Amino acid sequence: MILRNLLTLAAALVLTAPAAAELRQFEMTIEEVDLEVAPNFTYKVWGFNGQVPGPLLHVKEGDEVEVVVQNNSTLNHTIHWHGTYQTGTWRSDGVPDITQEAIEPGDSYTYRFTADKPGTLWYHCHVNVPEHVGLRGMWGPMIVEPKEPHPLAEKVTKEAILMFSGWNPEVADTYGEGGHPNEPISYFSINGKSFPMTQPLRVKEGDVVRLRLIAATIPVAFHPHGHDALVTHKDGLPVEHPYPVDVLHMAPGERYDVIIEMNNPGRWITHDHYEHHVSNNGKAPGGAVFIIEYEGIEDDDWYVWKDKEADPDFYFSESMEKPFGLHDVDIFKGAYPDTRGRGRGRR
Ligand code: CU
Ligand code: CU
Ligand code: CU
């Protein structure tokens, strides 16, 4: 009887599901690399696949996800899949000494879970979080496409993912230090880069851009000039009544999906409205700033980003168009240090 019910259920699933859940297997490593955050400011990070943010993990709701994580660094780590429910798979929740033993240097651990929560999620290390997540770049985006697409999503012509974080220059060169309350965080970044090393978001009139905003490690007051942003999702789930904002406050860990209709051609700064978040160690301009550039607007001679060669995947826009999978992004890769120079000041 139970078997027959199961078979009927399985048959029903095959018949009704447009695309059945799939087992998606990935491998990720943890690497010790030097990340250029701002001009002349390099940071020792632990990068998933050697990059910050980590690679885009893009799957469909209901997929079975398996990630083998290999620790090639000199300290212990885990991965927590922030937002997933881990129903029946609590040992894949990634919390050291509670759901697993931390992954020691040279070891690996296999996480296996169902992508049971749709939307904009993220993943991060859960060992010594104030340092590993707060300062050393151990975070990346995880996007789970919902089985039922949101009605507003149909209009979207371009996707962008923005992860906000801060940096304490005093411990940039020393693994194992930092992560204290009242830490002097004085660099601020989007996808691991501070202005002017952030990239323009290039759009054309008529585009409808979905920005998936992830306040990874710092509070953020996200502010686009010239446009309202329509809030459609909070922490991956749709809000009952989408609402327009021109400043969106996010606490660390929070995610908001917003949709911006590109209907106002020009060059528009978009920035974190915490005043000191738009400077690099006290020098403005800098920090969590980028510019929305409309196609067809001529560069003026004095334009700060005149002739800038933009990387079109800086906001994962190209990676989001690839088939489901785990996608590395070259511009986020750190450099393996010259071991002879290890520990030498690089600032
Ligand atoms: Cu870690
Ligand atoms: Cu978390
Ligand atoms: Cu402003």
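Before moving on, here are some points about what is shown:
- Selection within the range 323-341 - in a loop (DSSP other than H, G, I, E, B) and either in contact with a strand residue (DSSP E or B) (Cβ under 7 Å, 6 or more places away or on another chain) or surrounded by 12 or more Cβ atoms within 10 Å (Cβ to Cβ) (or both): Phe324, Asp328, Val329, Gly334, Tyr336, Pro337
- Annotation note: Cβ proximity below 7 Å between a residue of the range 240-264 that is open to solvent by 80 Å² or more (accessible area, probe 1.4 Å) and a residue that is more than 16 Å from ligand 3 (Cβ to nearest atom) and outside any loop (DSSP other than H, G, I, E, B) (sequence gap 6+ or interchain) occurs for Tyr243/Val231; Pro244/Leu230; Glu261/Val208.
- Strands (runs of 3 or more DSSP E) fully within the range 70-176 counting 3 or more residues that are open to solvent by less than 20 Å² (accessible area, probe 1.4 Å): 119-124, 139-145, 158-167
- Filter result (away from ligand 2 (no atom under 12 Å from the Cβ) and either closer than 30 Å to Ala20 by Cβ or among the hydrophobic types (A, V, I, L, M, F, W, C) (or both)) within the range 127-139: Val127, Leu135
- Any hit, the range 166-177, residues being in contact with a Pro (Cβ under 8 Å, 6 or more places away or on another chain), away from ligand 3 (no atom under 16 Å from the Cβ) and more than 20 Å from Tyr43 (Cα to Cα): no
- Of the residues making up the range 180-200, those that are assigned to a loop (DSSP other than H, G, I, E, B) and of a type in the set (A, V, I, L, M, F, W, C) are Ile185, Met197.
- Applying the condition of being open to solvent by less than 10 Å² (accessible area, probe 1.4 Å) and over 15 Å from the mean Cα position of the chain (by Cα) to the range 223-239 and asking which residue is nearest to Trp305 (Cα to Cα) yields Pro224.
- When the strands (runs of 3 or more DSSP E) confined to the range 201-286 are screened for residues that are under 29 Å from His126 (Cα atoms) and within 16 Å of ligand 3 (Cβ to nearest atom), those reaching at least 3 such residues are found at 220-224.
- Top-ranked residue of the range 309-322 - restricted to ones that are in a loop (DSSP other than H, G, I, E, B), modelled with pLDDT of 95 or more and out of contact with any helix residue (DSSP H, G or I) (no Cβ under 8 Å at 6 or more places or on another chain), ranked as nearest to Asp207 (Cα to Cα): Ser317
The values are calculated or read from the model by the stated rules, or taken from the named source; none is laboratory data. These figures come from a predicted structure and were not determined experimentally. Don't worry about glycine lacking a Cβ; one is built from the backbone with ideal geometry, like all the others, and counts go over all protein chains shown. Remember, those area values only see protein heavy atoms, side chains included, never the ligands or the DNA or RNA. Shrake-Rupley method; radii C 1.70, N 1.55, O 1.52, S 1.80 Å.
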